[in-house]
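The values are calculated or read from the model by the stated rules, or taken from the named source; none is laboratory data. Remember, it's a predicted structure, so these values are computed and weren't measured experimentally. Cβ: placed from backbone, ideal geometry, glycine included. Neighbour counts: every protein chain shown. For accessibility, only protein heavy atoms count, side chains too; no ligands or nucleic acids. Shrake-Rupley method; radii C 1.70, N 1.55, O 1.52, S 1.80 Å.
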Amino acid sequence: FVIQKVTPTISVSNSPQTYSGIGQAATISGSVSGVASNVLTGGAATQTNVGTYAVTADFAPTDSTNYNNLTAATAGNFQITPADANCVIAGFTGNYDGLAHGATGTCTGVGTDGVLSGLDLGISFTNVPGGNANWSFSNANYDSENGSVAIVINKADADCSSIAGYNVTYDAQAHTATGDCLGVESEILAGLDLSGTTHTDAGTYNGDAWTFTDVTGNYNDINDTVSDVIAKADASCLVIGY
């Protein structure tokens with residue numbers, strides 16, 4: 001009659017763990033079943049990052065007559081699962097200023113991880129009305145996240161303060177108010193109409209209307225008036241007696 005040695009069974013003894021930060025290791029261990037009088041040696045593997053890891057163990061029985069040794073036997077797989085990052089993302093609301101504006105914010109991790117890499121804030125907008133910035137976050141140790149925030153760019157006011165009326169003496173020529181409407185970068189904007197201020201004959205013209213109609217979509221339209229004066233001229237009279 002033959003009684004053969006027993007080869008013990010080893011297995012993973014702890015449950016999957018969630019990633020807990022840089023340097024915060026999860027201890028992965030195995031256990032031996034069916035051999036109460038013997039202790040599992042080795043078999044502990046320390047891992048930090050998210051992933052699935054094989055657990056191996058060595059078993060040196062005190063009763064070598066009845067039990068076989070185990071050397072680097074596979075106990076199974078152990079998993080470190082991704083953690084949730086804290087992503088705080090904000091949009092933008094403001095007036096057109098010629099600059100690009102987009103989402104802002106960070107994703108921070110657990111433990112001492114601090115601000116995490118892998119955040120894409122999406123596209124930026126310069127012109128009115130703006131749009132939606134679609135952001136996404138991807139990091140090996142964290143669950144992926146994504147979202148959308150509004151980038152609101154309102155129309156700005158053009159600077160038309162240089163528009164001025166005129167005060168001249170009649171010279172048989174047409175006269176028109178002068179000036180420009182400037183943008184946020186001091187550029188001269190198209191869309192200024194001063195034709196309503198044009199006069200040739202002498203007179204006082206209060207409330208001559210001018211308009212600025214934006215052609216870029218980034219500025220508010222403006223309507224205003226100026227006062228213009230053409231004074232009477234002195235005629236040159238040559239009278240010759242006889």
- Query: When segment 159-201 is examined, which residues are found to be part of a loop (DSSP other than H, G, I, E, B) and either among the basic types (Lys, Arg) or open to solvent by less than 40 Å² (accessible area, probe 1.4 Å) (or both)?
  - Reply: Cys160, Ile163, Gly165, Tyr166, Ala177, Gly179, Cys181, Gly183, Leu189, Gly191, Leu194
- How many residues of segment 202-223 are under 32 Å from the mean Cα position of the chain (by Cα) and surrounded by 18 or more Cβ atoms within 10 Å (Cβ to Cβ)? The answer is 3
- Query: Inside segment 75-108, can you point out the residues that are open to solvent by 80 Å² or more (accessible area, probe 1.4 Å) and either basic (Lys, Arg) or in a loop (DSSP other than H, G, I, E, B) (or both)?
  - Reply: Asp84, Leu99
- Message: Looking at segment 73-97, I want the residues that are at positive phi and modelled with pLDDT under 95 and have a partner that is surrounded by fewer than 19 Cβ atoms within 10 Å (Cβ to Cβ) and part of a strand (DSSP E or B) with Cβ atoms under 9 Å, at least 6 apart or on another chain. Which pairs are those?
- Response: Gly76/Ser11; Gly76/Ala54
- Query: Can you spot a residue in segment 220-228 that is assigned to a loop (DSSP other than H, G, I, E, B) and without any contact (Cβ under 8 Å) to a residue 40 or more places away in the chain?
  - Reply: yes
- Task: Please state which of the following conditions Lys155 fails to meet, knowing it meets all the rest: (1) open to solvent by less than 40 Å² (accessible area, probe 1.4 Å); (2) touching a Phe, Trp or Tyr at 6+ places or on another chain (Cβ under 6 Å).
- Result: (1)
